[in-house]
Amino acid sequence: MTTLTMDTTELASRLRLGVTRLARRLRREAEPGITQSQLSALATIDRHGPMTIGELSAVEQVQPPSMTKIVAALVDADLIDRDIDPDDRRISWLRAKPEGVRLLHRSRKRKEAFLAKRMRSLEPRQLAVLEEATEILEQIVEGDR
């Protein structure tokens, strides 16, 4: 068993900074021509299936007027469909189009390729530590659910 060499507050600070920097770097590796907000909204629509702008706003924690602009850009880019509900014409259902799903796949692959390339230079011991750290991060995140 190893001894903790720093207090948990300092470790939390370093972890937060490292995760933030990694997330920022991965955003730069995303598919060009689409904003992070658009990419996130597209991924949510793809993951949750057909949903309304209100539902998407709630999941993404974005105000409806801002989400309306994001959705309009995704429709204009031909990445999602916006279908009027036949029973209530005030409601639009958002669905990812095949090109939107392909864009998500390309973006994820670009990010994973960046990480894999960087990880190839690590020693086996470091990779084992990363594997364990990944499991711990998943545990921390899933504690919120």
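The values are calculated or read from the model by the stated rules, or taken from the named source; none is laboratory data. Just so it is clear, the structure is predicted and the values come from calculations on it, not from any experiment. Glycine also receives a Cβ, built like all others from the backbone with ideal geometry; neighbour counts cover every protein chain displayed.
Just wondering, is there one or more residues in segment 61-79 that are within 16 Å of the chain's Cα centre (by Cα), free of Cβ contacts under 8 Å to residues at least 40 places away in the same chain and within 30 Å of LEU130 (Cα to Cα)? Within segment 61-79, none of the residues are within 16 Å of the chain's Cα centre (by Cα), free of Cβ contacts under 8 Å to residues at least 40 places away in the same chain and within 30 Å of LEU130 (Cα to Cα). When we screen ARG14, ARG47, ARG24 for residues that are part of a helix (DSSP H, G or I), of a type outside the set (Val, Ile, Thr), modelled with pLDDT under 95 and within 18 Å of the chain's Cα centre (by Cα), the only hit is ARG24.
Checking each residue in segment 53-74 for being part of a loop (DSSP other than H, G, I, E, B) and surrounded by 16 or more Cβ atoms within 10 Å (Cβ to Cβ) picks out only VAL62. Selection of segment 75-105 for residues being basic (Lys, Arg), within 16 Å of ALA43 (Cβ to Cβ) and loosely packed, with under 11 Cβ neighbours inside 10 Å yields an empty set.
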